[in-house]
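Everything below concerns the one structure shown next.
The values are calculated or read from the model by the stated rules, or taken from the named source; none is laboratory data. Everything numeric here is computed off the predicted structure, so don't read it as measured data. So basically every Cβ, Gly included, is an ideal-geometry build from the backbone, and we count neighbours across all protein chains shown. Heavy atoms of the whole protein, side chains included, go into the accessibility calculation; ligands, DNA and RNA do not. Shrake-Rupley method; radii C 1.70, N 1.55, O 1.52, S 1.80 Å.
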Amino acid sequence: MTDRVTEGTMPLRWERHLVAWTWRAACLRWGLSLAVVLGLAGAAWRLSSEPGGSRLALSLTFGALFGFVLQRSRFCFYCQWRDLLIHGDPRGMLGILAALAAGLAGYAVVLGAWMPDPSGARLPPDAHIGPVGPVLVLAGVAFGAGMAVSGSCISAHLYRLGEGSSTAPFALLGTALGFVLGFANWNTLYFGGVSDAPVVWLPRHLGYAGSLTLGLALLAGLAWPLLRRLPETRTGEPGPGGDPLRAIFSGRWPVWLGGLAVGAIGTMAYLRTGPLGVTAEIGGRARQAAAASGLLPARLEGLDTFRGCATAVRDAVLTPNGLFVAGLVFAAFAAALAAGQFRPERPRLGHAVRGLLGGLLLGWGAMTGLGCSVGTLLSGIMAGALSGWVFGFAMFAGAAATLWLGRRAGLLA
């Protein structure tokens, strides 16, 4: 018996082959994704069974959760900022504000339990609270420019590495080189404006209630004009069809949901391991390589006395931040596979140039700003650090200016 063929239709046997091939491809994707998840779970279990390995296991776990949330919700500081500037879509920026609000509340509870009286001379343990001055502003502007040139912040490049991005590898290499460049001129910057810059922790001056109220009020003030620009909800738009598994693992999450999850992960990570940050390992390995190559100054004045994403030379093979970053990348890879969003591309010259140049700016800004959009901005603001707010405003201003100039020159889309 032959398959019926009508004009403009696919032969039945071809259609059956296509369905079977699609089903096998989906099973392969889900199988590989499950294998990665099981590998991460097995690695965390193995680490937890080693003496003193509980912190390493938790770092890997929190990194995996963070990477999954970033990939599922497209939580990217630059992407959401660009969507607002170019397309007038405020939903992504509202998601970032939701993350900050959730983290502010969570940190206030944790810090209030650890340090009931914040008015003393001590700062909360390990919190990312840095000096505020012209160097921090310059670092934020440079980091924002690097986002616009490379197309993402460092954390987004890491999760997009798991999606097969052709730009991310070059951007991360450029970031490491940018750290080396930052180390080379750190002493000049330190004596020129960092050494005497004030370190401002808002709860010390306002108390926890006052700092939380001020932070939430600032976020509400930023959110109000964005809420007025929300697009109308359209009926009949395609959705997950009520399938919870499809909604979680296939469809993109609303950014506000990802933001709330980021705030919760940030609070839990600080409670159990340390503040969120993705540059300590990159900076530490870059510092180690620069020292071995003789590219590091004989002394980095005062660098290791400041809070932030520490860039100490790494002796251990496994570090908490290194495992956090590894968990982020592998979980993003697993999430992208399951959703059919792992789409590797062959790198082109433009990818390499934009990635390296943007990465240099990202690395230099992160090194001199003692962290990036996650460490200095996100974790800093959650902890009540004025440095987080200053870096954030400078970062978004630098990204906006670079995007505007790049579009006028026809270099950026």
So for GLU163, GLU232, what's the accessible-area order with a 1.4 Å probe, most first? GLU232, GLU163
A correct Karplus calculation of ³J(HN,Hα) over the range 166-182, with 6.51 cos²θ - 1.76 cosθ + 1.60, θ = phi - 60°, whole Hz and x for Gly and Pro, returns 7, 8, 4, x, 5, 5, 6, 5, x, 4, 4, 5, x, 4, 4, 4, x
Accessible area per residue of the chain at 1.4 Å probe, in Å²? 48 Å²
Solitary cysteines of the chain, where the nearest other Cys Cβ is not under 4.7 Å: CYS27, CYS153, CYS309, CYS372
Given axes a ≥ b ≥ c from the Cα gyration tensor, I'd like to know whether the range 268-413 is rounded (a/c under 1.5), prolate (a/b larger than b/c) or oblate. rounded
Counting only DSSP loop positions in the range 262-305, the trypsin sites (Lys or Arg not before Pro) whose Cβ has at most 16 other Cβ atoms within 10 Å are ARG299
Tell me which of ALA409, SER155, ALA41 sits at the most positive position along the dipole axis of the chain, charges placed on C-beta atoms (Lys, Arg +1; Asp, Glu -1). ALA409
Tell me which trypsin sites (Lys or Arg not before Pro) from the range 313-413 have a DSSP coil assignment and no more than 11 other beta carbons within 10 Å of their own. ARG348
Decide, for the range 318-357, between rounded, prolate and oblate: order the square roots of the alpha carbon gyration tensor eigenvalues as a ≥ b ≥ c, take rounded if a/c falls under 1.5, and otherwise choose prolate if a/b is larger than b/c, else oblate. oblate
Please check: in the Gaussian network model of the chain (C-alpha springs, under 10 Å), which one of HIS87, HIS128, HIS351 has the largest mean-square fluctuation. HIS87
For the chain, what is the calculated [θ] at 222 nm in deg cm²/dmol (nearest 500), taking -39500 (n - 2.57) for each run of four or more DSSP H residues and dividing by its residue count? -22000 deg cm²/dmol
How many percent of the accessible area of the chain is carbon or sulfur, using a 1.4 Å probe? 66 percent
Karplus ³J(HN,Hα) for the range 151-158 (6.51 cos²θ - 1.76 cosθ + 1.60, θ = phi - 60°; Hz, whole; x = Gly/Pro) runs x, 6, 7, 5, 4, 5, 4, 5
I need to check one value: relative contact order of the chain, counting alpha carbon pairs closer than 8 Å and at least 6 residues apart, in percent. 36 percent
When only Cα pairs under 8 Å and 6 or more residues apart are kept, what is the percent relative contact order across the range 116-222? 45 percent
So the FRET efficiency between ALA220 and LEU257, C-beta based with R0 = 25 Å and rounded to 0.05, is 0.85
